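Peer 1: Attaching a single structure in structure tokens format; questions to follow.
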Amino acid sequence: MKVLITGTTQGIGKAIAERFLQEQHTVIGIDRQEASICDSNYTHFRCDVRDYENLPDINDVDILINNAGTQNEADIDINLKALIHITEKYGVHQNIRSILNIGSASAHTGAEFPEYCASKGGVLAYTKNVAMRVAQYGATCNSLDPGGVLTPLNECVMNDPKLWAQIMNETPLKKWATPKEIADWAYFLTVVNTFCTGQCIVVDGGESINYNFVWKE
Ligand SMILES: NC(=O)c1ccc[n+]([C@@H]2O[C@H](COP(=O)([O-])OP(=O)(O)OC[C@H]3O[C@@H](n4cnc5c(N)ncnc54)[C@H](O)[C@@H]3O)[C@@H](O)[C@H]2O)c1
């Protein structure tokens, strides 16, 4: 299948691309950085997802995975508006099989930076909108909404023992996901799954269900 993934140079997007390449799919990546994957089934376009005029012409995408994202850098423009543009350009057509948006647990909790969580909240609503429109083609559209993932985006807290201990205290499973673990979810939701659609699936080690039960002893 022809799989288009944004943000493939590092982190979650790179792991997802490698997961599909492992299964012999044809993968096309769009990233504003140089390629970091070398594989005969991989084609890289160096482009900012906001640069609508210069996005490549790619036909007949079977699977679209919107992953490129930032924190505290034009979050609405990159995480939401460009994701909408990319989806309408490459994803909404009669031969599409599945679309997956990488959202965030913060869309559900409101945690993290204001513009970031608003951008991901927009992705959550847009996912449902697209799911309704592509259902006529037999296609699914979901979002995968991670909590903490061990990627370069988070190095500032991963490398600080005090902050890391605080974060683990907030995370019932006492760990963060690896990019490979998130890639396995992405593969399942876009290739194996054919019946779950319009859903925004939180994969966060229990962080969003963390609570303190207050009651009289
Ligand atoms: N890491 C986490 O803990 C976490 C948690 C929840 C959601 N997410 C989401 O997962 C996605 C990937 O995050 P990550 O941790 O792998 O980040 P990352 O910074 O490690 O990688 C992001 C990739 O996207 C590319 N990119 C960013 N902006 C771009 C743009 N404007 N145009 C083209 N390419 C661009 C970068 O060059 C990079 O290769 C993001 O949407 C992020 O919001 C991450």
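Any read-out appearing in this document is the output of simple, stated calculations on the displayed coordinates, not a laboratory observation. The shown structure was predicted, so the numbers you read here are calculated from the model rather than taken from an experiment. Every residue, glycine among them, receives a Cβ derived from its backbone with ideal geometry; neighbour counts consider all protein chains shown.
Peer 1: What dipole magnitude, in Debye to the nearest 20, does the chain give about its Cα centre under +1 on Lys/Arg Cβ and -1 on Asp/Glu Cβ?
Peer 2: I would put it at about 440 debye.
Peer 1: Taking a ≥ b ≥ c as the square roots of the Cα gyration tensor eigenvalues, with a/c under 1.5 meaning rounded and otherwise prolate when a/b beats b/c, else oblate, which class fits region 1-144?
Peer 2: oblate
Peer 1: As I understand it, the dipole of the chain uses +1 on the Cβ of Lys and Arg and -1 on the Cβ of Asp and Glu, about the Cα centre. Which of G138, I12, N210 lies farthest toward its positive end?
Peer 2: G138
Peer 1: Kindly count the pairs of lysines across the chain whose alpha carbons are less than 25 Å apart, treating pairs on different chains or eight or more residues apart as eligible.
Peer 2: 22
Peer 1: Calculate the length of the line joining the C-alpha centroid of region 1-62 to that of region 94-151, in whole Å.
Peer 2: 19 Å
Peer 1: Relative contact order for the chain: what percent, with Cα pairs under 8 Å and sequence separation of 6 or more?
Peer 2: Answer for the chain is 20 percent.
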